[in-house]
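As structure tokens, the structure follows; a few thoughts come after it.
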Amino acid sequence: MERTEALLIDNLREGDETALSPLVDKYKRMVHRLALQITKNHEDANDVMQETFIKVYQSIHTFRQEAAFETWVYRIAVNEALNFVKRRERRRETPLSSAQEIDYDPSVRQKAEMVNDPQIHAEKAELRHWVTKAVNSLSLKHRIVVILHELEGLTHAEIASILNCSEGTVRSRLHYARKQLRTLLKPYVEANSNF
């Protein structure tokens, strides 16, 4: 019998450690994807994911059901990822792997693979490279709003709640980030608009 999320949360609050596993299963892909976009490294993203769920377990009694549980998990994941990046920068470490490519919607990738055209694959790979490079060049505060809004599909209100700032701040950061991305991607667009 599958327990509902609300029941799992209640059980976890009451000390039932078995309630954590289904919650981890439900949110681990989301947390890892977000952590990877912020840290730009698979190993670091795994560490952030682990720390996020440890924090969920340790802090479940602080979760007020005024916001969605998913938003609360996002907030913890963002904070853990930001703290990880800040600690890494303080230690002046650089990630062992290069910046990871943004994980686009799988249905888009499947459609491209169905075409099985090397030219289309090459063009999509080049576009992913340019977009990833552009997003990664944004400052951390701007990159996070782009990731949360454009890749995770969150609303301005949800992002404001996660980042503990106003919706106006979210809109401003998103506007600035989009403006920067347009500038950064302009050479790619111009090079590929020879119709």
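The values are calculated or read from the model by the stated rules, or taken from the named source; none is laboratory data. What you are looking at is a predicted structure, and each value in this text was computed from that prediction instead of being measured. Using ideal geometry, Cβ is built from the backbone for each residue, glycine included, and neighbour counts are taken over all protein chains shown. Just so you know, the surface numbers come from the protein's heavy atoms only, side chains and all, with ligands and any DNA or RNA stripped out. Shrake-Rupley method; radii C 1.70, N 1.55, O 1.52, S 1.80 Å.
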Subject >> Single residue of segment 135-163 satisfying the filter (part of a helix (DSSP H, G or I) and charged (D, E, K, R)) that is most open to solvent (accessible area, probe 1.4 Å) >> reply: LYS141
Original post:
When you look at LYS124, is it at pLDDT below 90 and either surrounded by 14 or more Cβ atoms within 10 Å (Cβ to Cβ) or not charged (D, E, K, R) (or both), yes or no?
Top reply: yes
Subject >> Residue list for segment 1-24, filter: open to solvent by 90 Å² or more (accessible area, probe 1.4 Å) and either within 30 Å of THR132 (Cβ to Cβ) or among the hydrophobic types (A, V, I, L, M, F, W, C) (or both) >> reply: MET1
**OP:** Output the number of the condition that THR169 fails; it satisfies all remaining conditions of (1) at pLDDT below 85; (2) open to solvent by less than 80 Å² (accessible area, probe 1.4 Å); (3) assigned to a helix (DSSP H, G or I); (4) closer than 30 Å to ALA67 by Cβ.
**Re:** (1)
Original post:
Just to be sure, is VAL135 modelled with pLDDT under 90 and under 18 Å from the mean Cα position of the chain (by Cα)?
Top reply: yes
Original post:
Among the residues of segment 172-183, how many are more than 30 Å from GLU66 (Cβ to Cβ) and either charged (D, E, K, R) or open to solvent by 70 Å² or more (accessible area, probe 1.4 Å) (or both)?
Top reply: 4
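Does HIS32 fit the bill of being open to solvent by less than 50 Å² (accessible area, probe 1.4 Å) and more than 17 Å from THR71 (Cβ to Cβ)?
Working: open to solvent by less than 50 Å² (accessible area, probe 1.4 Å): yes; more than 17 Å from THR71 (Cβ to Cβ): yes.
Yes, satisfied.
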Original post:
Only one residue in LYS141, LYS179 is farther than 27 Å from LYS28 by Cβ and among the basic types (Lys, Arg). Which one?
Top reply: LYS179
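Give the number of residues within segment 46-67 that are among the hydrophobic types (A, V, I, L, M, F, W, C), more than 21 Å from ASN136 (Cβ to Cβ) and touching a residue at least 12 places away in the same chain (Cβ under 8 Å). Break it down stepwise before answering.
Going through segment 46-67, the residues among the hydrophobic types (A, V, I, L, M, F, W, C) turn out to be 48-49, 53-54, 56, 60, 63, 67.
Applying the additional criterion that residues be more than 21 Å from ASN136 (Cβ to Cβ) yields 53-54, 56, 60, 63, 67.
Cutting the leftovers down to touching a residue at least 12 places away in the same chain (Cβ under 8 Å) gives us 53, 56, 60, 63, 67.
Selection size over segment 46-67: 5.
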